[in-house]
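The values are calculated or read from the model by the stated rules, or taken from the named source; none is laboratory data. As the structure is a computational prediction, the values presented were derived from the model and not from experiment. Note that each Cβ is placed from the backbone with ideal geometry, even for glycine, and that neighbours are counted across all protein chains shown. For accessibility, only protein heavy atoms count, side chains too; no ligands or nucleic acids. Shrake-Rupley method; radii C 1.70, N 1.55, O 1.52, S 1.80 Å.
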Amino acid sequence: MELKRLEEHWNQFPEMSMEERPVLSTDLEKMALHNPFAPDFYLKTKLLARTYAGALLWLGALYQIKAARSTEGSDLVQPILGLMLLTYFLYFHIRLLFYADYRSLGSQPLIPFLEKIETIFDRYMHSYRIISPLAGLYLPVMYNLIAGLFRHEPHPLVAGGGFYRWLVIVFLSVSCYILFLHTRIGKYKKLYATVRSYRQNLILTNPQKAV
Amino acid sequence: MEAQKKKLFVDEDPRSFLKNQHRKVYSICRLFTNHYKEHQSLVANILAVACRCIGPGKTAAERKSLYIKACINMAVLHALSEGLKKDRAVTDKEIQFKSPDYQKSMLGFRTAARGISDLEKILLFLHFEKVAPEDIPGLTGLAPSLVRPQQPRQAVGQRFIPYLKEKIIWS
């Protein structure tokens, strides 16, 4: 009965209206070029930017290792650790980019489509766990470079080796993660929870009520 | 002859296909949009996704299936982003379209369909597009038991005798 009533209303829609006019070829060409995903759900640009930045840093880390090897007695642990983390960072982001595959994302069945979006958000949030130690490793290096530019002496804690330098790195890593947790991750956590609850609601809803 | 026909379908221009199937996009927009701007944006998004999915070398059946998937996915994504903007129910005042006939039909339809969930909207869209019930799990990814109308549950007493009969007498 309910469905019959809906069908009656459905058939009352006008054959042609401003809203439902035929699609023109020129409109189609414009639409084909535009990005269909809402900015919140589209992470390709961010992932690409991170991949490029990671690749640049990776080259920088290689150069740093080469420079450190030519200098007698310099510590190679930090540059090698940085290079290893950057390699994993690059691998993680390239893998996520291939997994997301925004070109064919919309052609999946609804539930796998939502699951994929959830996974992308989950992995994206996880990426901050790699960025934080990287920030911990490279912020002192950046500080030293900036201090060098302004002809200041680098801070002994940052410039020197040993236990205190690693303590600074750990402290910076944890601080950066806490900062991300309160600034960047919160937004994606909310999006992830929304998509997840929506998918679970779809699975749990009884369609008997609908039609 | 049949092979020629099949080849014709395979090589059909994706642009012609999209133009011929535009009614499907409008159907899902009737269920998920509340005003003209939203409607136009969802139409553009669905067609953009469909353009990416429906490449050359696909059969008519594959294209149709991909097209419906694009409609459903983008409508759901639209519903999700709108849900993030506002956490409240849509009132009649918010349904605003440019053409008066469309606005009137939309108000009537939305009043009749008030309170239905997004899954019900999707199933309604598939019903209006005459999609066979056995194709729905493939398009939505939902388990068949959720999509098929469920049999009313019988009381334990009513079920017990046929169950015993089946187990004891016929086996």
Residue pairs meeting the criteria (Cβ under 8 Å; at least 6 apart or on separate chains; first within 8 Å of chain B (Cβ to nearest Cβ), in segment A:17-43; second among the aliphatic types (A, V, I, L, M) and in a loop (DSSP other than H, G, I, E, B)) = none
ask   = Does segment B:92-99 contain at least one residue that is facing another protein chain (nearest Cβ under 10 Å) and in contact with a helix residue (DSSP H, G or I) (Cβ under 7 Å, 6 or more places away or on another chain)?
value = yes
ask   = Can you pull out the residues in segment B:29-56 that are more than 9 Å from chain A (Cβ to nearest Cβ) and touching a Lys or Arg at 6+ places or on another chain (Cβ under 8 Å)?
value = B:LEU31, B:PHE32
query = What number of residues within segment A:75-112 satisfy the criterion of being over 17 Å from the mean Cα position of the chain (by Cα), closer than 17 Å to A:ILE169 by Cβ and surrounded by 14 or more Cβ atoms within 10 Å (Cβ to Cβ)?
reply = 6
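Residue-wise test of (1) more than 25 Å from B:SER81 (Cβ to Cβ); (2) assigned to a helix (DSSP H, G or I); (3) of a type in the set (Asp, Glu); (4) at pLDDT 95 or above.
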site	(1), (2), (3), (4)
A:GLU20	no, no, yes, no
A:LEU28	no, yes, no, no
A:ALA49	no, yes, no, yes
A:LYS66	yes, yes, no, no
A:TYR102	no, no, no, no
query = B:ARG15: more than 20 Å from the chain's Cα centre (by Cα), within 7 Å of chain A (Cβ to nearest Cβ) and open to solvent by 10 Å² or more (accessible area, probe 1.4 Å), yes or no?
reply = yes
key: Hits in segment A:7-16 - residues which are facing another protein chain (nearest Cβ under 7 Å) and either assigned to a helix (DSSP H, G or I) or touching a residue at least 40 places away in the same chain (Cβ under 8 Å) (or both)   = A:HIS9, A:TRP10
